[in-house]
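Trainee: Have a look at the structure that comes next, please.
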Amino acid sequence: MLWGMFGWRIAALYIGSGLLVAIAGGIVIGKLHLENEVESYVYQIKFGGLVATQERELTWVDRYQYALNYMKDILCRVWLYVVIGIAIGGFIHGYAPEDLLVRYAGPSNLLAVPIAVAIGVPL
């Protein structure tokens, strides 16, 4: 969507700057060596059958497996809400009277954005 609205240069700049900030932040936080600030109970938390310990480094396969299991867990918890949201959005898009929506969430209304968010209509 960003590419379509502003072009590939702005989209690339946005993605690049976001990655730069994320990577730089991760490096800075890693260099601070804050491991001693973590409470001991955190290392006893189980992650998908694995217990977090300081002794063992997670391999890329372990990380991938954990991420995959976590993604499946989240997806299983939220899929119904996503489908309901899509159905409501489809109903509004297909059956809502446009004149009414434009009157309350149109360009001349100062509160158009909050109203549009409240009723779920993208402007």
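Trainee: Of the conditions (1) modelled with pLDDT under 90; (2) within 23 Å of the chain's Cα centre (by Cα), T59 clears all except one; give me its number.
Mentor: (2)
Trainee: Evaluate segment 14-26: report whether one residue or more is within 24 Å of M1 (Cα to Cα), under 25 Å from the mean Cα position of the chain (by Cα) and modelled with pLDDT under 80.
Mentor: No.
Trainee: Tally time: how many residues in segment 65-123 are more than 25 Å from M1 (Cβ to Cβ), of a type outside the set (S, T, N, Q) and part of a helix (DSSP H, G or I)?
Mentor: Qualifying residue count, segment 65-123: 12.
Trainee: A further question follows. Between residues in segment 81-108 that are closer than 13 Å to I119 by Cα and residues that are in a helix (DSSP H, G or I) and among the aliphatic types (A, V, I, L, M), which pairs lie under 6 Å by C-beta distance while being six or more apart or on different chains?
Mentor: Y104/I115; A105/A112; A105/I115; A105/A116
The values are calculated or read from the model by the stated rules, or taken from the named source; none is laboratory data. Not measured: the values here are computed from a predicted model. Ideal geometry is used to build each Cβ from the backbone, glycine not excepted, and the neighbour counts take in all protein chains shown.
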